[in-house]
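Asker: Below: one structure in structure tokens.
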Amino acid sequence: MKILISAYSCEPGMGSEPGIGWNIVREAAKYHEVWVLTRPDESQNEIEAELARNPIPNLHFIYFTLPFWYDSRRWGHSGGMQLHYYLWQIQAYFVARRLHQKIGFDLTHHVTFMKYCNPCFLSLLPSPFIWGPVGGGESAPNTFWEDFSWKAKIYEITRNLIRKLGEIDPFVHLTTKKSTVVRATTKDTAERLYKIGAKQVQILPGFGLPEEDMALLTQYEIPDETPVRFISVGRLLHWKGFHLGLRAFAQANLPNTEYWIVGEGPECDRLQILARDLGIDRKVKFWGKLPREKALDLLKDCHVLVHPSLHDSGGWVCMEAMAAGRPVLCLDLGGPAIQVTNETGFKVPALEPYQAVRDLAASMIHLVKDPELRISMGFAGRKRVSQNYSWNAVGEDLNKLYAEVKRQKPGARMTK
């Protein structure tokens, strides 16, 4: 088939949105002829260099950006880029329409940005349209706001307002209704999509781990020596919930244990003060921001990943930890709740902060006192990632979706 993919962010060798864009188009090109709409300002040189090293004959890139706003980062990575993205999507429609008249695409697919409250104008083309993965429908439970600083509360209020505005945007409604199928990363996002007119939503992460990462992580031995080390990896933001992890670690009060935190961000000072106030600062080490390779090396020396995020569409680090054979402790929220099962870790309810801390602490105690459970969960995690979350597996699933969308009669529902 001839597939047109919109990937605002797309760059080889990267994580997050750029990595999702690159890996999806690469996997799609294993089965189909693929044209990709993306920007030149951040990724063209990297894409062309990668294709020179590893040619993919079925993969064609069309680079363009706003003539009056070449650098999408000029006005910042948040508000400025969001406005650039919205305008770029309008421009993408006209570029895509001309291409469709020339090539005749069998279907179109939008993959990045991953926000359900932003429209994709490619849905207006006269071909089946797949939207996603999209996320962003998750919210921190109101009871957890008591731990937030005033800046964090303003962030959450602004985020909620932006989503509400997106939900009344007629073009978001049009995108939703014109989508043959929407792929949502979480149940919360799926519920919001149905409310604004989605016909069918599939809930799945929509991204995976590169084969080279899988090969590296699956070689990690599952440690059984002491001290038992817990690790959290990510930006130190209020909604990542690392303060809950620290409180749980203090409440568990386990001898011969350590807690490592990798990352930097605006919550760093507050977390360090919290560790001192809890009397655990000698057992907690803040590593700061590290290259990804170094962070993965630290994971090798740890036993359990703690990822108590309050609203996370993805949770890439949970996949990495499971691939490395490490159990995951998370809240039963967002993307991690989709990825982690009772066989691969502990998902604790997020009803109240004190309850979440208590349940996280109980899970820590359980894993420290039962090394066999750590080992069995580690093997189960590796199996789950291998079967479901490698990019090869994601590509095979995507190919099946394309085939079913192509066969589907207008108005019919997908069988999956």
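Asker: What's the total number of residues in region 200-244 that are aromatic (Phe, Trp, Tyr) and under 19 Å from the mean Cα position of the chain (by Cα)? Before the answer, list the steps.
Answerer: First pass over region 200-244, keeping only residues aromatic (Phe, Trp, Tyr): 207, 220, 230, 239, 242.
From the residues that got through so far, the ones that are under 19 Å from the mean Cα position of the chain (by Cα) too are 207, 239, 242.
Residues flagged as aromatic (Phe, Trp, Tyr) and under 19 Å from the mean Cα position of the chain (by Cα) within region 200-244 amount to 3.
Asker: Against the definition (over 19 Å from the mean Cα position of the chain (by Cα), open to solvent by less than 20 Å² (accessible area, probe 1.4 Å), over 22 Å from PRO255 (Cα atoms) and of a type outside the set (A, V, I, L, M, F, W, C)), how does PRO353 come out, yes or no? Before you say what the answer is, go through the steps one by one.
Answerer: Values: over 19 Å from the mean Cα position of the chain (by Cα): yes; open to solvent by less than 20 Å² (accessible area, probe 1.4 Å): yes; over 22 Å from PRO255 (Cα atoms): yes; of a type outside the set (A, V, I, L, M, F, W, C): yes.
Judged against the criteria, PRO353 is a match.
Asker: Which residue is nearest to GLU267 (Cα to Cα), if the candidates are limited to region 319-330 and must be in contact with a Leu (Cβ under 7 Å, 6 or more places away or on another chain) and open to solvent by less than 10 Å² (accessible area, probe 1.4 Å)? Even if it seems obvious, please write down each step before you answer.
Answerer: To start, the set of residues in region 319-330 that are in contact with a Leu (Cβ under 7 Å, 6 or more places away or on another chain) comprises 319-321, 323-324, 326-329.
Those still in the list that are open to solvent by less than 10 Å² (accessible area, probe 1.4 Å) too: 319, 321, 323-324, 326-329.
Values: MET319: 24, ALA321: 23, ALA323: 28, ALA324: 27, ARG326: 26, PRO327: 25, VAL328: 22, LEU329: 21 Å.
The qualifying residue nearest to GLU267 (Cα to Cα) is LEU329.
Asker: Let me spell it out: the conditions are (1) open to solvent by less than 10 Å² (accessible area, probe 1.4 Å); (2) out of contact with any strand residue (DSSP E or B) (no Cβ under 6 Å at 6 or more places or on another chain), and GLU146 meets all of them except one. Which number is the exception?
Answerer: Against the list (1) open to solvent by less than 10 Å² (accessible area, probe 1.4 Å); (2) out of contact with any strand residue (DSSP E or B) (no Cβ under 6 Å at 6 or more places or on another chain), GLU146 comes up short only on (1).
Asker: Within the set of pairs 6 or more residues apart or between chains, which connect a residue that is at negative phi inside region 355-377 to a residue that is open to solvent by 50 Å² or more (accessible area, probe 1.4 Å) and polar (S, T, N, Q) with Cβ atoms less than 8 Å apart?
Answerer: VAL357/GLN251; ARG358/GLN251; ALA361/GLN251
Asker: With the checklist (1) out of contact with any Phe, Trp or Tyr (no Cβ under 6 Å at 6 or more places or on another chain); (2) polar (S, T, N, Q); (3) at pLDDT 95 or above in hand, flag the one item ASN253 doesn't pass.
Answerer: With respect to (1) out of contact with any Phe, Trp or Tyr (no Cβ under 6 Å at 6 or more places or on another chain); (2) polar (S, T, N, Q); (3) at pLDDT 95 or above, ASN253 is out only on (3).
Asker: Against the conditions (1) assigned to a loop (DSSP other than H, G, I, E, B); (2) farther than 22 Å from GLY132 by Cα, where does LEU367 fall short? Just the number, please.
Answerer: (1)
Asker: Hey, another quick one. State yes or no: is LEU174 surrounded by fewer than 21 Cβ atoms within 10 Å (Cβ to Cβ), hydrophobic (A, V, I, L, M, F, W, C) and in contact with a Phe, Trp or Tyr (Cβ under 7 Å, 6 or more places away or on another chain)? Explain how you work it out, then say what you get.
Answerer: Numbers: surrounded by fewer than 21 Cβ atoms within 10 Å (Cβ to Cβ): yes; hydrophobic (A, V, I, L, M, F, W, C): yes; in contact with a Phe, Trp or Tyr (Cβ under 7 Å, 6 or more places away or on another chain): no.
So LEU174 fails the test.
The values are calculated or read from the model by the stated rules, or taken from the named source; none is laboratory data. Predicted model only: the values in this text are computed from it and were never measured. Positions of Cβ are generated from backbone atoms using ideal geometry, with glycine treated the same way; all protein chains shown enter the neighbour counts. In case anyone asks, the SASA skips ligands and DNA or RNA and just uses the protein heavy atoms, side chains included. Shrake-Rupley method; radii C 1.70, N 1.55, O 1.52, S 1.80 Å.
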